[in-house]
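Have a look at the structure below before the remarks.
The values are calculated or read from the model by the stated rules, or taken from the named source; none is laboratory data. Keep in mind the model is a prediction, meaning the values are calculated, not measured. Don't worry about glycine lacking a Cβ; one is built from the backbone with ideal geometry, like all the others, and counts go over all protein chains shown.
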Amino acid sequence: DVVSQLNALQERPDAVVVSGDIVNCGRPEEYEVARQILGSLNHPLYLIPGNHDDKALFLEYLHPLCPQLGSDAQNMHYAVDDFATRLLFIDSSRAGTSKGWLTEETIKWLEAQLFDGGDKPATVFMHHPPLPLGNAQMDPIACENGHRLLALVERFPSLTRIFCGHNHSLTMTQYRQAIISTIPGTVHQVPYFHEDTRPYYDLSPASCLMHRQVDEQWVSYQHPLTHYAGPWMYDENISCPTEDC
């Protein structure tokens, strides 16, 4: 249903990013279904793994849909330089744990990409948020060495956005010049509780983030992925009068 809604968008996106946890248990039969569903998407697709993914199976089944992933399941990272903002994709997942970790190779690769990119704005996509966001359930399984990424934010003013999955909720903060955000889930959501650490989830409406380049800036907005009424044109006969009506 999510893919069909994305395919039906009136304004066609340049690309779709899925920021990890493509499947739940990392099994071949799950990836078979995922490949079939994602293969029906009518837009360019960029993928990164999450902690629920099996890296080897992720690459085996999904590489045909996203060849930028390369051939090394232990070092998946790539850059897309087709837009006004550079898109940098890194793998923060680590086998056997829900916590995130950025390998030394990933940090060095990202550092080189930011150096070579000069002043061109750059956005990083990863699964785990690189810093605590105040969510009592999810903070303990964030990226354990996310400070390494934050150090690059300090060194490279061009790094202005970091988008993450993992938290199953829309959460935003800022570190120096960089907006850091986790995006909503497309299946279930995780409610934001600051003190209660119990493993909650809910079935509040699914959504995604849409990003648009407006002049020199990226503008991001939430887009619902559930069926709802509308849109309708405003009716001036029932709307409050304004000077510009």
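With respect to the stated conditions, ALA79 fails to be more than 19 Å from VAL17 (Cβ to Cβ) and either of a type in the set (A, V, I, L, M) or touching an Asp or Glu at 6+ places or on another chain (Cβ under 6 Å) (or both).
Does THR186 qualify as being surrounded by fewer than 20 Cβ atoms within 10 Å (Cβ to Cβ), part of a loop (DSSP other than H, G, I, E, B) and not aromatic (Phe, Trp, Tyr)? Taking the combined requirement at face value, the residue satisfies it. Restricting ILE22, ILE48 to those that are surrounded by 15 or more Cβ atoms within 10 Å (Cβ to Cβ), touching a helix residue (DSSP H, G or I) at 6+ places or on another chain (Cβ under 6 Å) and under 25 Å from LEU170 (Cβ atoms) reduces the list to ILE22. Selection within segment 94-145: residues that are touching an Asp or Glu at 6+ places or on another chain (Cβ under 6 Å) and either surrounded by 15 or more Cβ atoms within 10 Å (Cβ to Cβ) or among the hydrophobic types (A, V, I, L, M, F, W, C) (or both). The member of this set that is farthest from LEU170 (Cα to Cα) is TRP101.
Looking across segment 83-110, the residues that are in contact (Cβ under 8 Å) with a residue 40 or more places away in the chain, part of a loop (DSSP other than H, G, I, E, B) and not β-branched (Val, Ile, Thr) come down to PHE83, ALA84, ASP91, SER92, SER93, ARG94, ALA95, SER98, LYS99, TRP101, LEU102.
Identify, please: which residue in segment 111-123 is free of Cβ contacts under 8 Å to residues at least 40 places away in the same chain and within 16 Å of GLN177 (Cβ to Cβ) and is, among those, nearest to the chain's Cα centre (by Cα)? It would help to see each step written out before you state the result.
Applying the first criterion (free of Cβ contacts under 8 Å to residues at least 40 places away in the same chain) to segment 111-123 yields 112-113, 116, 119-120, 122.
If we keep only those that are within 16 Å of GLN177 (Cβ to Cβ) too, we end up with 119-120, 122.
Numbers: ASP119: 23, LYS120: 20, ALA122: 14 Å.
In this case the residue turns out to be ALA122.
From ARG198, ARG176, grab the single residue that is in contact with a helix residue (DSSP H, G or I) (Cβ under 7 Å, 6 or more places away or on another chain) and surrounded by fewer than 19 Cβ atoms within 10 Å (Cβ to Cβ).
Numbers: ARG198 fails: in contact with a helix residue (DSSP H, G or I) (Cβ under 7 Å, 6 or more places away or on another chain).
Going through ARG198, ARG176 in turn, the sole match is ARG176.
Every residue in segment 160-197 that is of a type in the set (Ser, Thr, Tyr) and under 17 Å from THR226 (Cα atoms), please. Steps first, answer last, please.
Within segment 160-197, the first condition is being of a type in the set (Ser, Thr, Tyr), and the residues that meet it are 160, 169, 171, 173, 175, 181-182, 186, 192, 197.
Listed by number, the residues that qualify are SER169, THR186.
How many residues are under 21 Å from PRO199 (Cβ atoms) and touching a residue at least 40 places away in the same chain (Cβ under 8 Å) when one looks only at segment 157-168?
First pass over segment 157-168, keeping only residues under 21 Å from PRO199 (Cβ atoms): 164-168.
Checking which are touching a residue at least 40 places away in the same chain (Cβ under 8 Å) leaves us with 164-166.
Matching residues across segment 157-168 total 3.
Just so you know, in segment 3-29 the residues that are modelled with pLDDT of 95 or more, acidic (Asp, Glu) and assigned to a loop (DSSP other than H, G, I, E, B) include one that is farthest from GLY230 (Cα to Cα), and it is ASP21.
Out of curiosity, is THR242 assigned to a loop (DSSP other than H, G, I, E, B), at pLDDT below 95 and surrounded by 12 or more Cβ atoms within 10 Å (Cβ to Cβ)? Spelling it out, it is not the case that THR242 is assigned to a loop (DSSP other than H, G, I, E, B), at pLDDT below 95 and surrounded by 12 or more Cβ atoms within 10 Å (Cβ to Cβ). Mind checking which residues of segment 133-156 are under 18 Å from the mean Cα position of the chain (by Cα) and in contact (Cβ under 8 Å) with a residue 60 or more places away in the chain? ILE141, the sole residue that qualifies. Consider only pairs whose beta carbons are under 6 Å apart and that are at least six residues apart or on different chains; among these, list those whose first residue lies in segment 68-80 and is on the phi < 0 side of the Ramachandran plot and part of a loop (DSSP other than H, G, I, E, B) and whose second residue is surrounded by fewer than 18 Cβ atoms within 10 Å (Cβ to Cβ) and not acidic (Asp, Glu). Close Cβ pairs satisfying both conditions: ALA73/ALA56.
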